[in-house]
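Encoded as structure tokens, the structure appears first; notes follow it.
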Amino acid sequence: MAQPEIDKTAIRDASTVILWRRGASGPEVLMGQRGSSAAFMPDKFVFPGGAIDAGDGDVGLGGQPDATCLRRLALETDPVRVPALLAGAIREVWEETGLILGQRAAWQPPNPDWESFAEAGFAPSAQGLSYVFRAITPPGRPRRFDARFFLVPATAVQGNAEDFTHACDELRHLQWIPLVDVRDFDLPFITTVVLAELAPLIARGGIPETVPFVRNDDVIMGITRLA
């Protein structure tokens with residue numbers, strides 16, 4: 001019996017992670033370039049991230065973000081999805097950069113997507129993640145996502161934050177880019193919007209006063225704020 005086709009234009013939950021560190025010229029963020037043949041945002045420089053997988057919600061987290069982050073993630077969202085959004089963020093960082101956000105532990109992953117992470121000797125941890133932005137892709141794009149953006153310092157990474165040897169090939173030219181230079185790169189529009197929030201956000205410790213929410217959900221279009 002043939003399987004039904006997946007509607008790739010339907011809005012899918014996604015997580016994006018903004019890893020940052022102090023550099024010689026101020027804060028730096030980790031970005032990479034999408035492939036030329038990518039269906040979504042080809043050749044653009046982006047933060048690590050992607051769609052939430054069906055099994056992400058089955059993964060137990062060794063550490064949690066603060067209460068403000070958890071509360072805001074549940075706003076205008078099925079609270080059951082919150083663990084999957086956090087686990088998916090950690091998985092995407094691992095797959096696309098080879099960097100680990102976790103705690104050293106032996107554990108049995110619930111599905112194959114997490115086997116390589118577990119084999120590295122760590123359990124995923126969302127400690128240190130701060131929920132800072134949300135955006136829905138506008139209608140008419142080949143892929144649409146309801147993306148939550150998380151800010152996390154490089155100090156949360158286990159090991160060398162410049163070691164990308166375990167990364168998949170989805171992002172090319174992975175590099176730490178100074179915020180003062182990042183607009184010289186080919187960026188998606190929504191990334192430039194997020195970047196405008198980053199410098200003042202980092203300066204006050206990474207927890208936003210409110211979370212900007214860019215809505216393009218076929219009913220409401222515009223920017224609101226989650227408090």
Might you report the magnitude of the Cβ-based charge dipole of the chain about its Cα centre, with Lys and Arg at +1 and Asp and Glu at -1, to the nearest 20 debye?
-> 660
Beta bridges per DSSP with both ends in the chain, % antiparallel, nearest 5 | 75
Based on the alpha-carbon gyration tensor of region 152-207 and its eigenvalue square roots a ≥ b ≥ c, which shape applies: rounded if a/c is under 1.5, prolate if not and a/b is larger than b/c, or oblate?
-> oblate
Residues with amide H under 5 Å from that of residue 62, placed H, sequence gap 5 or more = 125, 126
Centre separation in Å (Cα based) which lies between region 46-84 and region 86-153 = 9
Using a simple charge model, +1 on the beta-carbon of Lys and Arg, -1 on the beta-carbon of Asp and Glu, nothing else, what dipole does region 90-201 show about its Cα centre, in debye to the nearest 20?
-> 460
Which value results when the Cα radius of gyration for the chain is divided by 2.2 N^0.38 Å?
-> 0.97
Have a look at 201, 33, 191 and report the one farthest towards the positive end of the charge dipole of the chain, computed about the Cα centre with Cβ charges (Lys/Arg +1, Asp/Glu -1).
-> 201
If you take the Cα Rg of region 78-117 and divide it by 2.2 N^0.38 Å, with N the number of residues, what do you get?
-> 1.21
Normalised contact order of region 65-124, rounded percent, pairs of Cα under 8 Å and 6 or more residues apart | 26
How much area per residue is accessible in the chain when the probe is 1.4 Å and only protein heavy atoms are counted (Å²)?
-> 48
Averaging sequence separations of C-alpha pairs under 8 Å and six or more residues apart, then dividing by the length of the chain, give the relative contact order as a whole percent.
-> 28
Counting only the heavy atoms of the protein chains, how much of residue 171 is accessible to a 1.4 Å probe, in Å² to the nearest 10?
-> 10
Give the accessible area for residue 149 in Å² (nearest 10); use a 1.4 Å probe, count only protein heavy atoms, and leave out ligands, DNA and RNA.
-> 10
Which cross-chain or sequence-distant (5 or more) residues have an amide H under 5 Å from the amide H of residue 226, H modelled 1.01 Å from N in plane?
-> 211, 213
Under the helix-only model (-39500 (n - 2.57) for each DSSP H run of 4 or more, divided by the residues of the chain), the mean residue ellipticity at 222 nm, to 500 deg cm²/dmol, is -5500 deg cm²/dmol
In region 130-198, carbon and sulfur make up what percent of the accessible area (probe 1.4 Å)?
-> 50
Cα gyration tensor category, rounded, prolate or oblate, for region 24-137 with a/c compared to 1.5 = rounded
Unit charges at the beta carbon, dipole of region 16-109: most positive-side option, 16, 52, 42 | 16
Applied in sequence order to region 153-168, the curve 6.51 cos²θ - 1.76 cosθ + 1.60 (Karplus, θ = phi - 60°) yields integer Hz couplings, x standing for Gly and Pro, of x, 4, 5, 7, 6, 7, x, 7, 6, 10, 9, 9, 5, 9, 6, 6
Identify, among 155, 84, 139, the residue whose Cα sits farthest towards the positive end of the charge dipole of region 84-227, taking +1 on the Cβ of Lys and Arg and -1 on the Cβ of Asp and Glu, with the dipole about the Cα centre.
-> 139
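The values are calculated or read from the model by the stated rules, or taken from the named source; none is laboratory data. Keep in mind that this is a model prediction, so the values were computed, not measured. Ideal geometry is used to build each Cβ from the backbone, glycine not excepted, and the neighbour counts take in all protein chains shown. We work out accessible area using only protein heavy atoms, side chains counted, and drop any ligands, DNA or RNA first. Shrake-Rupley method; radii C 1.70, N 1.55, O 1.52, S 1.80 Å.
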